[in-house]
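Scroll down for the structure; my scribbles are underneath it.
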Amino acid sequence: MKKVFIITGANRGLGQGFVDVLIKDNNNFVISISRSLSEEQKTYSSDNFYFLKADLSHNIDEKIAVLKALITNETVCFINNASIIEPIDIIENLDDYAIEKTISVNIKSTIQLTKYLLRNFNENKLTFINISSGAANRAISNWSLYCSSKAFIKMFYEVAESEYKQHRFFNIDPGVMDTNMQKSIRNSDFPDVSNFKDLQEEGKLKSPKHVASEILNTVL
């Protein structure tokens, strides 16, 4: 029986790393929930890969209804990977659009997907992996939206674990990786930016694919 993996933000960074690792096993069926595909993902067979085009900054309830047609009694693993860090700015400069977008992508879409899976596939064996961050536990100046949204979902999954003891829930901090998000951080102006520039210069950024493999080996 195939195992189903649902991954948000699967077209780049750590999300793409998860797909690269999982797609090698024909017993895995990967569902990518993203706005686009990487060039390599465009070549994947529909036998073990499905692209659900969705913008997580908008309501996704209607989009994810297709999951009922894709999942039967398989083991399901939801990897909550997608998140945005912008805007990196002090609180008084945050505009309403940025606030709404961060809440939709980093919080609301996760709640919608988690709720959908628990409501419709509660009899399946479910695993939920939240890709968290050190920012969920530490206040970083100019990162108010990112830090608070990461802390929100971390607690949300801790509560979910207390309510659904038959399923597995994980909050995992993957560390600092060589991704577009890191490039965005290094190009921003905030008090701790030099620390992130130093990590790149010292070669301390981890490969997303290697991190994905480590996480999967630990959890599954």
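Values quoted throughout were computed directly from the atomic coordinates according to the rules given, and no laboratory measurement underlies them. As the structure is a computational prediction, the values presented were derived from the model and not from experiment. Heads up, the Cβs are rebuilt from the backbone with ideal geometry, glycines too, and the neighbour counts pull from every protein chain shown.
Tabulated results
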item: Tilt relative to the chain, helix 13-22 - C-alpha long axis, 0 to 90 degrees, to 10; result: 30 degrees
item: Most mobile of SER46, SER149, SER36 in a GNM of the chain (Cα contacts under 10 Å); result: SER46
item: Convex hull of Cα atoms in segment 1-48, direction-averaged projection (nm²); result: 3.0 nm²
item: Pair VAL193, THR218: separation of 7 Å Cα→Cβ label points (nm); result: 3.0 nm
item: Descending principal axes extents, segment 71-145, alpha-carbon based, whole Å; result: 48, 24, 13
item: Simple Cβ-charge dipole of segment 6-74, Lys/Arg +1 and Asp/Glu -1, about Cα centre, in debye nearest 20; result: 120 debye
item: Footprinting exposure proxy for MET177, MET155, MET1 (fewest neighbouring C-beta atoms within 10 Å first); result: MET1, MET155, MET177
item: Compactness of segment 121-194, expressed as Rg and Dmax over alpha-carbon positions, Å; result: 15.2, 48
item: Under 19 Å from LYS209, Cα to Cα: lysines that are on another chain or at least 8 residues apart; result: LYS24, LYS42, LYS183
item: Within the chain, longest stretch clear of exposed GluC sites (Glu not before Pro) (DSSP loop, no more than 13 other Cβ within 10 Å); result: 124-201
item: Sparse-neighbourhood loop sites, trypsin sites (Lys or Arg not before Pro) in segment 1-104 - DSSP loop, at most 12 other Cβ within 10 angstrom; result: LYS24, ARG35
item: Stokes-Einstein D (µm²/s) once Rh is taken as the Kirkwood radius of segment 28-122 over alpha-carbon pairs, at 25 °C in 0.890 mPa s; result: 164 µm²/s
item: Segment 75-203, Rg to Rh (Cα coordinates; Rh as Kirkwood inverse mean 1/r); result: 1.02
item: In segment 146-190, the trypsin sites (Lys or Arg not before Pro) that fall in loop regions by DSSP, at most 13 other Cβ within 10 Å; result: LYS165
item: GNM top mover of ASN142, ASN81, ASN26 - the chain, alpha-carbon springs below 10 Å; result: ASN26
item: Listed residues SER141, SER132, SER104, most fluctuating in the chain (Gaussian network, C-alpha, under 10 Å); result: SER141
item: Whole-Å semi-axes of the chain's equivalent ellipsoid (Cα gyration tensor); result: 28, 20, 16
